[in-house]
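Following: one structure in structure tokens, then a few remarks.
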Amino acid sequence: MSLFAFALPAEMALFDASALLAAAATALRSLLGLGALATLMVVFKPLWIGILRAALILIKPRKSLEQRIARSKFKGQQLMRRLANDQAVSQPNLAAELRMLAGRD
């Protein structure tokens, strides 16, 4: 038996081991990169939240106080009209009063 008979299987085993190590290193490198990215996201969380809020304000600005008050009054009027419609058959006097209250400014 020659020396090459032992060297060839050893060379094949070393080649497979190096391929496995390279694959493991690639997987480990990607996991470390994701871990670093997650760490940066946690560390700079207030900054990210501020950027997201600023973008939201750009897309949908906050309504003024007058607009919010008008919207609240409108919803109240809708509620009164809905209640009046519910009571129109059984208690017409109450329904008329509710409509009158809804019509007030």
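Each value in this text was obtained by applying a stated rule to the coordinates, not by laboratory testing. Here the structure is a predicted model, which means the values were calculated and not measured. Positions of Cβ are backbone-derived with ideal geometry, glycine not excepted, and every protein chain shown enters the neighbour counts.
Place a +1 charge on the Cβ of each Lys and Arg in segment 63-105 and a -1 charge on the Cβ of each Asp and Glu, then give the dipole magnitude about the Cα centre in debye, rounded to the nearest 20.
260 debye
What lysines does residue 73 reach when the alpha-carbon gap must be under 30 Å and sequence neighbours fewer than 8 apart in one chain are set aside?
Partners within reach: 60, 63.
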